[in-house]
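Please treat every number below as a calculation from the coordinates, not as lab data. Everything numeric in this text was worked out from a predicted model, so none of it was measured. Glycine also receives a Cβ, built like all others from the backbone with ideal geometry; neighbour counts cover every protein chain displayed.
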Amino acid sequence: MAFYLFLLIGVAGGLLGGMGMGGGTALIPLLVLFCGVEQGVAQGLNLLSFVPMSAVALTVHAKRGLVKGREALPVALPALLFSALFSLLSDFLPSAVLKLSFGTFLILLSLIRLKNALSAPAHAKIRM
């Protein structure tokens, strides 16, 4: 039964990631809450699943002419650097700190999305 639960959670994360919504936003809490996976392990699984998904997404977007290499470098390079640094740091942090940090991030992200949805023009609210 546990295999099917992991499979279902993986499908949910893949669907959200494929739609550009950030599959890890759902994948990590689902693994922690419903499968009893430690926060650090869930984050590692998310990163592992992100590699092939991002490669496919990058290929699709590049074929459609949506990737501008020179414009992406100022965003990509610091993101890579800080991802590496904070992944090393997270290895030393207790799981409770990771849970609190990720939970805070999700709450802030939700509040920002709610604010944007409420302040959007009426014709744009349908497409939330």
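Details
- When each of A55, A76 is tested for being among the small types (G, A, S), out of contact with any Gly (no Cβ under 7 Å at 6 or more places or on another chain) and over 24 Å from L30 (Cα atoms), the lone residue that passes is A76.
- Scan the range 73-92 for residues that are assigned to a helix (DSSP H, G or I) and aromatic (F, W, Y) and the total you get is 2.
- The criterion of being closer than 21 Å to D91 by Cα, without any contact (Cβ under 8 Å) to a residue 40 or more places away in the chain and out of contact with any Asp or Glu (no Cβ under 8 Å at 6 or more places or on another chain) does not hold for V11.
- Residue list for the range 58-72, filter: assigned to a helix (DSSP H, G or I), among the aliphatic types (A, V, I, L, M) and within 19 Å of G17 (Cα to Cα): L58, V60, A62
- Every pair of residues 6+ apart whose Cβ atoms lie under 6 Å, when the first sits in the range 50-63 and is surrounded by 12 or more Cβ atoms within 10 Å (Cβ to Cβ) while the second is of a type outside the set (S, T, Y) and not in a helix (DSSP H, G or I): H61/V67
- Yes/no for V67 being of a type in the set (A, V, I, L, M), in contact with a helix residue (DSSP H, G or I) (Cβ under 7 Å, 6 or more places away or on another chain) and free of Cβ contacts under 8 Å to residues at least 40 places away in the same chain: yes
- Counted residues, the range 28-57 - those being of a type in the set (A, V, I, L, M, F, W, C), assigned to a helix (DSSP H, G or I) and over 22 Å from A72 (Cα atoms): 11
- Here T25 fits the description: touching a residue at least 24 places away in the same chain (Cβ under 8 Å) and either not in a helix (DSSP H, G or I) or not hydrophobic (A, V, I, L, M, F, W, C) (or both).
- Residue within the range 103-116 that is without any contact (Cβ under 8 Å) to a residue 24 or more places away in the chain, more than 24 Å from L48 (Cα to Cα) and not in a helix (DSSP H, G or I) present: no
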